[in-house]
Amino acid sequence: MANDSDSSSMVRLNIGGKKFCTTADTLTQREPDSMLAAMFSGRHTVCRDSEKGYVFVDRDGKHFRHILNWLRDGVVPTLTESKYIELLREAEYYQLLGLIERINAVLNKKKEENESDTELTRIDIIKCIQSEKVRFRGINLSGLDLSKLDLSCVDFSYACLKNVFFSRANLHSATFRDVDAEGSIFHNATLRECEFTRANLRGALLAGASLQSANLQDAILIDCSFCGADLRSAHLQSADLTNANLEGAILEGANLKGAKLSNANFRGANLQRAYLRHVNLRDTHLEGAKLDGANLLGAIR
């Protein structure tokens, strides 16, 4: 135990395994009401490891450099919409009210800019889905808020869906063949038996989504977040999951034949009976993953 009485002293932080060095001034001055300011104000004691004096915080360290840059310079980084959502979650955890306000302002501006370029509005979509068979093939819907709508069986093939909000929408059996859905938000959406063949979902947020038996063959899933998603029996053959986050995801019975998994995060994921034959797992993170009954014949580990 150590007391941080000197506000300019060096502070070593271990955020979910990523190491950072800064000063107590940086952590306390810009956001004096934050959790970090409270920790290093000198009023409290903090636990450090015995070796190098790092203070451990049990959070994903992926975006903490942006947190530090905000505290140092008041700078908000340029990110995709899904990354802003992730950063907002971290800002809320650390109670950084100023950063939360700035991120929300950026997201609202992006939403307004994107909606001005779309061919249809949310109201137009609602009117369309009242008919029996709906197709939005090849249409630009970028930036629209389509959250919580029933869009089951809708055909979005070849559409531009960049930064669309599909959070909690029912998209059961919808078709997203060859769409450009970079940065779209599918948080907690129902995507069972959907088709995403050759779709571009780079940077999309699919955390908590239901993707049972979904077809994501040849899809670009680089930097996607599937945290806690249900991908049971999903088809991921030849999909590019580079840097994707599948922590805690359920991939029981999923087919990952030929998938690119460089630096993919499968920590705590359920890969029971998954097809991983000849897949390169050397650069993946599999700590705590369940691999019972998985087909790993010829897999590189």
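The values are calculated or read from the model by the stated rules, or taken from the named source; none is laboratory data. The shown structure was predicted, so the numbers you read here are calculated from the model rather than taken from an experiment. Because the Cβ atoms are built from the backbone with ideal geometry, glycine has one as well, and the counts that use them run over all protein chains shown. Keep in mind that these areas ignore ligands, DNA and RNA; they rest on the heavy atoms of the full protein, side chains included. Shrake-Rupley method; radii C 1.70, N 1.55, O 1.52, S 1.80 Å.
Overview of values
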quantity	calculated
Principal-axis tilt of helix 97-116 within the chain, Cα atoms, nearest 10 degrees	20
Dipole in debye (nearest 20) - the chain, about Cα centre, beta carbon charges: Lys, Arg +1; Asp, Glu -1	640
Listed residue (261, 13, 103) projecting farthest to the positive dipole end of the chain, Cβ model	261
Degrees, to the nearest 10: 81-93 long Cα axis against longest axis of the chain	40
Percent carbon-and-sulfur accessible area, the chain, ignoring ligands, DNA and RNA, probe 1.4 Å	43
Candidate residues 84, 275: accessible-area rank, largest first, probe 1.4 Å	275, 84
Helical contribution to [θ] at 222 nm, DSSP H n ≥ 4, -39,500 (n - 2.57), averaged over the chain, rounded to 500	-6000 deg cm²/dmol
Whole-number percent relative contact order across the stretch 122-223, with pairs defined as alpha carbons under 8 Å at least 6 apart	20
Column: log10 I(q)/I(0), Debye, Cα scatterers of the chain, q = 0.08, 0.16 Å⁻¹	-0.42, -1.19
Principal axis box of the stretch 228-289, alpha-carbon based, largest edge first, Å	21, 20, 15
Highest average packing first - 276-287, 85-96, Cβ atoms within 10 Å	85-96, 276-287
Helix 64-73 axis, angle to the chain major axis (alpha carbon atoms, nearest 10°)	60
In sequence order, calculated HN-Hα J values of the stretch 224-237 (Karplus, 6.51, -1.76, 1.60; Hz; x Gly/Pro)	6, 10, 10, 3, x, 6, 9, 10, 4, 6, 6, 9, 10, 4
Shape call, the stretch 142-208: gyration tensor on alpha carbons, a/c limit 1.5	rounded
The stretch 197-301, Cα convex hull volume normalised per residue, Å³	64
Per residue accessible area in Å² of the chain, where ligands, DNA and RNA are left out and the probe is 1.4 Å	47
